[in-house]
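As structure tokens, the structure follows; a few thoughts come after it.
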Amino acid sequence: LKVLEQIQKIDLEVSAIEQEQKEYEERIETITASITGMEEEIEALSSETETLENLRRDVEERIRQSSEKVTRDERRLGEIKTPREMKALNKEINSANKAKKLGEEELERLAARAGELGDRLDQKRTGIEGKNEEVAGLLAEFEQKKASWNQAVAGKLRSRDEIKATIEPGVLRKYELIRSRRGGMAMVPVENETCQGCYIHIPPQVYIQLKKGVDEIITCPHCHRILYVEDQAATEAV
Ligand SMILES: [Zn+2]
């Protein structure tokens with residue numbers, strides 16, 4: 001049983017390392033996904049900015065044309081002979097002035113919108129820069145740790161193999177079976193006559209057997225994990 005405890009300790013350490021590695025990979029993946037999302041937003045903002053810029057040029061051209069028309073028409077005012085012609089020309093001038101004013105108002109709205117877009121683009125670009133740095137840092141850390149993880153796992157598996165050689169294959173098979181069914185914890189201590197795997201009280205006769213230290217595998221009647229009683233020596237060994 002002591003040997004099995006050692007094996008379980010190694011197994012748990014190995015899965016802790018694997019878990020840590022997986023968490024790193026997930027964090028990197030999450031940040032990479034958010035970078036992709038931000039890049040798409042930047043692209044959408046840029047294309048909207050471009051559309052606005054085209055609109056702005058059109059509006060400016062319209063303003064310029066209206067302005068020219070006003071100047072032209074006002075020059076013609078002196079050549080007018082009849083009140084009727086005068087009325088018609090004034091009408092033209094008024095409508096050109098109005099078009100010019102509308103264009104200028106639109107230009108203001110476009111400029112405000114372009115300002116907003118520019119601010120958001122700046123924000124996104126700064127954000128993406130930060131994310132890129134973060135991901136680069138994580139990747140570097142990950143690569144660095146990976147080497148030591150691999151080394152640690154290899155070392156643990158080596159000592160696991162050595163220990164394994166000293167156990168009966170049947171016992172180990174039983175351990176492996178329970179381990180695969182119980183999420184990695186095949187052996188659990190008994191405290192206050194309660195299995196620490198399922199927290200259900202174990203029958204007194206099972207507990208007595210355990211206390212006696214019989215050299216056979218005793219499993220929990222409820223969750224079927226291998227039971228052991230933690231004693232001073234075991235605690236020190238861990
Ligand atoms: Zn149990």
Convex hull (Cα only) mean projected area of the chain, reported in nm² to one decimal: 23.1 nm²
Separation in nanometres of the label points that stand 7 Å from Cα toward Cβ, at Glu216 and Ile80: 12.1 nm
Cα-based Rg and Dmax for the stretch 15-124, where Dmax is the largest Cα-Cα distance (Å): 27.5, 100
Helix-only CD estimate at 222 nm, as mean residue ellipticity for the chain, using -39500 (n - 2.57) per DSSP H run (n ≥ 4): -28500 deg cm²/dmol
Given a 1.4 angstrom probe, I'd like the percentage of the accessible area of the stretch 85-238 that is carbon and sulfur, rounded to a whole number. 51 percent
Taking r as the C-beta separation of Glu26 and Asn192 and R0 as 35 Å, the FRET efficiency to the nearest 0.05 is 0.40
Please compute the modelled spin-label separation between Arg173 and Glu18, points set 7 Å along Cα→Cβ, answer in nm with one decimal. 2.2 nm
Spin-label point model (7 Å from Cα, Cβ direction): what's the Ser34 to Glu129 distance in nm? 1.8 nm
Looking at Gly213, Thr82, Ser66, which one has the Cα that reaches farthest to the positive end of the dipole of the chain (charges on Cβ: Lys, Arg +1; Asp, Glu -1)? Thr82
For the stretch 134-155 and the stretch 79-128, write down the distance between their C-alpha centroids in whole Å. 60 Å
What angle, in degrees between 0 and 90 and rounded to the nearest 10, separates the Cα long axis of helix 83-164 from the longest principal axis of the Cα atoms of the chain? 20 degrees
How large is the accessible surface per residue of the stretch 81-238, computed with a 1.4 Å probe and reported in Å² as a whole number? 68 Å²
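Taking R0 as 30 Å, what's the FRET efficiency between Leu52 and Ser95 from their Cβ-Cβ distance, rounded to 0.05? Write out the running numbers ahead of the final one.
Details: r = 27 Å, r/R0 = 0.89.
So, using R0 = 30 Å, E works out to roughly 0.65.
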Measuring from its Cα centre, the stretch 121-238 shows a charge dipole (+1 at each Lys and Arg Cβ, -1 at each Asp and Glu Cβ) which, in debye to the nearest 20, is 440 debye
Along the three principal axes, how long is the stretch 161-205 when you take its alpha carbons, biggest first, rounded to the nearest angstrom? 34, 23, 15
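Which percent, nearest 5, of DSSP beta bridges in the chain are antiparallel? Mind showing how you got there, number by number?
Working: 4 of 8 bridges.
Within the chain, antiparallel bridges account for around 50 percent of the total.
Pulled fully out, how much extra length does the chain show between Glu141 and Ala44, if you take 0.36 nm times their separation in residues and subtract their Cα-Cα distance?
31.6 nm
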Residues Glu68 and Leu107, FRET efficiency given R0 of 22 Å [Cβ-Cβ distance, rounded to 0.05]: 0.85
Against the longest principal axis of the chain, how steep is helix 169-181, in degrees 0 to 90 to the nearest 10, with axes from Cα atoms? 30 degrees
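The values are calculated or read from the model by the stated rules, or taken from the named source; none is laboratory data. Worth saying up front: this structure is predicted, and the values here are computed from it rather than measured. Cβ coordinates were reconstructed from backbone atoms using ideal geometry, including for glycine residues, and neighbour counts include every protein chain displayed. Surface areas here come from the heavy atoms of the whole protein model, side chains and all, with no ligands, DNA or RNA. Shrake-Rupley method; radii C 1.70, N 1.55, O 1.52, S 1.80 Å.
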